[in-house]
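Below is one structure, written out as C-alpha cells; comments come after it.
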Amino acid sequence: MDYEKLAELLFPNIKKRPEDYLKQYPKRDLKEGAYVTRFAPSPTGYLHIGGVYQATAGLFFAKKSGGVFYLRLEDTDAKREVAGAANIIYPALKEFGVEPMEGFISYDNGVETSKGEYGPYVQSRRKEIYQCFAKELVRQGKAYPCFCEGEDDDENEGLDYRKQQKALGLQIGYYGSWAKCRNLTLEQVEENLKAGKPFKIRIKADGDGQQRIIFKDKLRGNINMPKNFIDYVILKSDGSALYHLAHLVDDTLMHTSLVMRDESWLPSAPLHQQLFEYMNLPMPEYIHTAQIMTVDKETGNTRKISKRYDKWADSRWFIEKGYPSETIIEYLLNLLNSNFEQWRKENPNASVYDFEISEDKMSKSGAMFDLVKLEDISKTVISKFSAEKVYNLTLKWAETYRPKFAKELKEHKEFALKMFNIERETPKPRKDISKWEDVEDIYSYFFNDNFASNETEYQFDAKFDKNDIKELLNRYIKAYDETEEKQDWFSHIKFLGEDIGFASDMKAYKQNPQNYKGNYGEVSSIIRMALTKRSNTPDMYEICKLLGKQEVVNRLQKCINSL
C-alpha cells in the first residue's frame, strides 16, 4: 500500500504537517515541574457539579506548581449540543471561584472570545488541525479510511457486527474479521471516493486481545490493562475529531502536562496511549478522579449523582440558592483531599487558595456529596464575612431572585448593615446563614412592615401563665432604657421576674426547679418571642437597640393585647 498516496487521496487540501503546528505552538515558558491543566467540557447542557469538581482539581494543581489552568470547549458532538450551553461554562466557573487563567470565554455566531496564545480553544474551529494529524497517521499506515455505514462513534446498537459479537459473547468493537475496511486496497478506496461515499478515519490498532500494557496514573499507580485492539473511529465523516484524536492533538499543542478526568475515562486509556505512541509524542500525566456519589433517599444505596434525581447536579442550582463561591470551593476541596478539613482547622482564617492539593490525599473510590455537610461548611464560611460583604452578596443575589427583598435592602442599607453586624466579627460569630436564599426569612422580623404583617401566632411555652407573660412584658416596657450598657440591661432581665417566682440565680434554680415558675433565661425567651416571634435569634440587647425603643414598646404592647 502506498500510504503517502492514500493520505493525499483522503486529505488533498491539508498541506501542513504536525511539525508545523508544533512550531506554531511552542513549549510554554514555565518553571520546571509546573503543571498545565485543563477543563474541557462539552456544551451538551448544564454544567454538572462534577465538572466544577474536576475544574477545581485542575486549578489547584496548576496553582500549587506555578502552572496554568485553561478552559477548552469540546463541541464536536453537534447532535448533543444544546444551544446556549457553551456560554454557561465560563461565568459559572468564575462564580464558583474556579476561573480559568487562559482559554475559552464565550462563543457566539461562530466567533470565539478567549484569552491566551494556544487557541482556538473551541474544537469545532480546529478541524484542519485534527485532519492534519489524522493524515499523518494514515501516511504512516497507522490509520485508514472506513466506508462502512453506521454512526461515527460505533455506538449504534443496530450495526450488524455488534449484534453478532453480542450473540457470541465477544468484546464489542470494530476489529478482526469485522473490520471490513481495514485491508482495502488503494484501488478500492479510490472507487469508494469516486462513488461519493463518506468515510471516517479509524486507528489501526496493533493489539491482539491478549497483550497487556502498563498505564501510569498519578493517583492509582501502575494499572495493568489490555492493549487496545479495536480500530476506533478517531475522525468523523464530517472531518471533526472524536475525543480520542482531539485529546492527542489539543493536549499536545496546548502542552497539557496533567490531565485531570473522571475515572469513567480509564477504559479509554490504552487507546490514548497507543495514539501518543503512534505519533511519537510524549503523553501527559494522568489523574483519574473518583466520581461524585450520593446516597439515594429512597433506597439508601450509594449511586452516582444524576440530574434526574438530584436537582443540585446542575451547578446552577447552587447559584440560584445563593451559596457563596467560597463555600463551593471549600466543600469541593473537602471532597478532593482528605487532609483539607484538618488544614482548615489549623488555618481557620487562611485563604482557601493557600491550600496545597496532593494526589496522595485523594480518594480512589467515590467521593460522597453531602448537602448537610455543605450547609454546615457554608455557615462557617459566611460567619467570617463582614457585614458589608454579607449585605453586598445578599443584595446581588436578591436582585436576580428576590427583587422585592433587594428593594427593601437598598432602601434600608444602613439599617441592614447594622442588622448583619449583630454577633459578627467576634471570636465566636453567629452561624445562622448557609445561603443567601435564607437571609430574608432569618432576618425578616427586623423590618417593621414584615413583622406587622406576620400573622404567625406567638409560641410561648405552655407552662407559663398568660398573666405572668403579660406582667413580664409590661415590666420590660417600663424598665427598658436604650442608653443602658449591656451589663446593666442584663441585670434588669435577671431580676425582672424575681418577685413573681422566676429565679435570678441559675444555680439555685437547677437545684430546686420545682420551687420556681422559671428562670431568668426563660424570662429572656419570653421577651424574645414577643419581640420577634422567634425562639432563636441573635443577641437580644443588640436587636432592641437596632429596633429602637418605640418599636420595642409597640411590639411588646401588641403581644400583650393578643394574649
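The values are calculated or read from the model by the stated rules, or taken from the named source; none is laboratory data. For clarity, every value in this text was computed on a predicted model and none was experimentally measured. No Cβ is skipped: glycine too gets one built from the backbone with ideal geometry, and neighbour counts run over all protein chains shown. Please note that ligands, DNA and RNA were not included when accessible areas were found on the heavy atoms of the full protein model with its side chains. Shrake-Rupley method; radii C 1.70, N 1.55, O 1.52, S 1.80 Å.
What the table shows:
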| item | result |
| --- | --- |
| Test: residue in segment 185-197 that is closer than 19 Å to TYR232 by Cβ and either crowded, with 19+ Cβ neighbours inside 10 Å or in contact (Cβ under 8 Å) with a residue 12 or more places away in the chain (or both) | no |
| ARG126, sole failed condition from (1) closer than 30 Å to ARG316 by Cα; (2) free of Cβ contacts under 8 Å to residues at least 12 places away in the same chain | (2) |
| Filtered residue count, segment 285-325, keeping only those that are more than 28 Å from LEU219 (Cβ to Cβ) and out of contact with any Lys or Arg (no Cβ under 7 Å at 6 or more places or on another chain) | 10 |
| Whichever residue in segment 317-360 is of a type in the set (D, E, K, R) and in contact with a helix residue (DSSP H, G or I) (Cβ under 7 Å, 6 or more places away or on another chain) and, among such residues, is least open to solvent (accessible area, probe 1.4 Å) | GLU330 |
| Test: residue in segment 75-86 that is of a type outside the set (Asp, Glu), free of Cβ contacts under 8 Å to residues at least 60 places away in the same chain, buried (at least 24 other Cβ atoms within 10 Å of the Cβ) and not in a strand (DSSP E or B) | no |
| Hits in segment 498-519 (condition: part of a loop (DSSP other than H, G, I, E, B), under 20 Å from PHE460 (Cβ atoms) and under 53 Å from the mean Cα position of the chain (by Cα)) | LYS517 |
| Yes/no for LYS545 being of a type in the set (D, E, K, R) and touching a strand residue (DSSP E or B) at 6+ places or on another chain (Cβ under 7 Å) | no |
| From GLU19, GLU99, residue being in a helix (DSSP H, G or I) and open to solvent by 60 Å² or more (accessible area, probe 1.4 Å) | GLU19 |
| Candidates THR56, THR37, filtered to the one that is closer than 24 Å to TYR286 by Cβ, of a type outside the set (A, V, I, L, M), touching a Phe, Trp or Tyr at 6+ places or on another chain (Cβ under 6 Å) and outside any loop (DSSP other than H, G, I, E, B) | THR37 |
| Unmet requirement for VAL553, which otherwise passes all of (1) over 50 Å from the mean Cα position of the chain (by Cα); (2) among the aliphatic types (A, V, I, L, M); (3) surrounded by fewer than 19 Cβ atoms within 10 Å (Cβ to Cβ) | (1) |
| Residues (farther than 12 Å from PRO100 by Cα, more than 13 Å from the chain's Cα centre (by Cα) and open to solvent by 20 Å² or more (accessible area, probe 1.4 Å)) located in segment 46-73 | LYS64, GLY66 |
| Selection from segment 439-460 of residues that are assigned to a loop (DSSP other than H, G, I, E, B) and either open to solvent by 80 Å² or more (accessible area, probe 1.4 Å) or free of Cβ contacts under 8 Å to residues at least 40 places away in the same chain (or both) | PHE447, GLU455, GLU457, GLN459 |
| LYS410, sole failed condition from (1) under 29 Å from TYR53 (Cα atoms); (2) without any contact (Cβ under 8 Å) to a residue 40 or more places away in the chain; (3) not small (Gly, Ala, Ser); (4) not in a loop (DSSP other than H, G, I, E, B) | (1) |
| Some residue of segment 162-173 being under 20 Å from ALA134 (Cβ atoms) and surrounded by 14 or more Cβ atoms within 10 Å (Cβ to Cβ) | yes |
| Among the residues listed as PHE385, PHE405, PHE420, the single one being part of a loop (DSSP other than H, G, I, E, B), modelled with pLDDT of 95 or more and surrounded by 19 or more Cβ atoms within 10 Å (Cβ to Cβ) | PHE385 |
| Boolean, LYS364 is closer than 27 Å to GLY51 by Cα, out of contact with any Cys (no Cβ under 9 Å at 6 or more places or on another chain), charged (D, E, K, R) and not in a helix (DSSP H, G or I) | yes |
| Residue list for segment 366-413, filter: in contact with a helix residue (DSSP H, G or I) (Cβ under 7 Å, 6 or more places away or on another chain), hydroxyl-bearing (Ser, Thr, Tyr) and farther than 18 Å from ILE329 by Cβ | TYR391, THR394, TYR401 |
| In segment 205-229, the residues that are within 12 Å of ALA269 (Cα to Cα), touching a residue at least 40 places away in the same chain (Cβ under 8 Å) and open to solvent by 70 Å² or more (accessible area, probe 1.4 Å) | LYS216 |
| Total residues in segment 22-43, condition within 30 Å of ALA367 (Cβ to Cβ), open to solvent by 50 Å² or more (accessible area, probe 1.4 Å) and either of a type in the set (A, V, I, L, M) or in contact (Cβ under 8 Å) with a residue 40 or more places away in the chain (or both) | 1 |
